[in-house]
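Comments concern the structure below.
The values are calculated or read from the model by the stated rules, or taken from the named source; none is laboratory data. The structure displayed is predicted, hence computed values, not measured ones. Neighbour counts run over all protein chains shown; Cβ positions are idealised from the backbone, glycine included.
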Amino acid sequence: MNIERNATRALLTAALLALGVSGCASWRANHMNTASSTSAHRGPVETTADAAITAKVKTAMAMDKDVSASHIDVDTVRGVVTLKGNVKDDTERQRAIEIARNVSGVVDVKDELKSAG
């Protein structure tokens, strides 16, 4: 009788554990699909990598004599660099885009620069 009680207890525990694990897996799958479909959630590794890319782009622009880096805002999300701000002409715009594209880790460059001339 004691053996039957232990077997029943073990079976019940296993069933509850299986239900708990499947419920957690289901919740995780739904949660991860929702989080990955929005750009709001980035992990610390992505955030750090994006910050490093932004710093590299800004540094490269600051070292270039044809680009006024102080007038260009650089933002990076998941490797996509967005350039905003004012440039004096199309030549400066094209050079800024070229600099950003040549930085390692950059996936794409979005041009939101405004040209005065």
> How many of the residues in the stretch 65-88 are of a type in the set (Val, Ile, Thr) and within 19 Å of Thr47 (Cβ to Cβ)?
Replying inline: 6
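So that you can scan it fast, the table gives a plain yes or no per residue for (1) in a helix (DSSP H, G or I); (2) touching a residue at least 60 places away in the same chain (Cβ under 8 Å); (3) β-branched (Val, Ile, Thr):
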position	(1), (2), (3)
Met61	yes, no, no
Asp66	no, no, no
Thr82	no, no, yes
Asn86	no, no, no
Thr91	yes, no, yes
Ser104	no, no, no
Lys110	no, no, no
> Looking at (1) in contact with a strand residue (DSSP E or B) (Cβ under 8 Å, 6 or more places away or on another chain); (2) of a type outside the set (A, V, I, L, M); (3) at pLDDT below 65, which is the one condition that is false for Cys24?
Replying inline: (1)
> Is it true that Thr47 is within 17 Å of the chain's Cα centre (by Cα) and either part of a loop (DSSP other than H, G, I, E, B) or at pLDDT 95 or above (or both)?
Replying inline: no
>> Suppose the filter is surrounded by 13 or more Cβ atoms within 10 Å (Cβ to Cβ), touching a Gly at 6+ places or on another chain (Cβ under 8 Å), part of a helix (DSSP H, G or I) and among the hydrophobic types (A, V, I, L, M, F, W, C); does Ala52 pass it?
In response: yes
>> Based on this model, can you work out whether Asp73 counts as at pLDDT 90 or above, in a loop (DSSP other than H, G, I, E, B), surrounded by 11 or more Cβ atoms within 10 Å (Cβ to Cβ) and not β-branched (Val, Ile, Thr)?
In response: no
>> Can you tell me which condition Ser68 does not meet? The list is (1) farther than 22 Å from Ala116 by Cβ; (2) hydroxyl-bearing (Ser, Thr, Tyr); (3) modelled with pLDDT of 90 or more; (4) over 12 Å from the mean Cα position of the chain (by Cα), and all the others hold.
In response: (1)
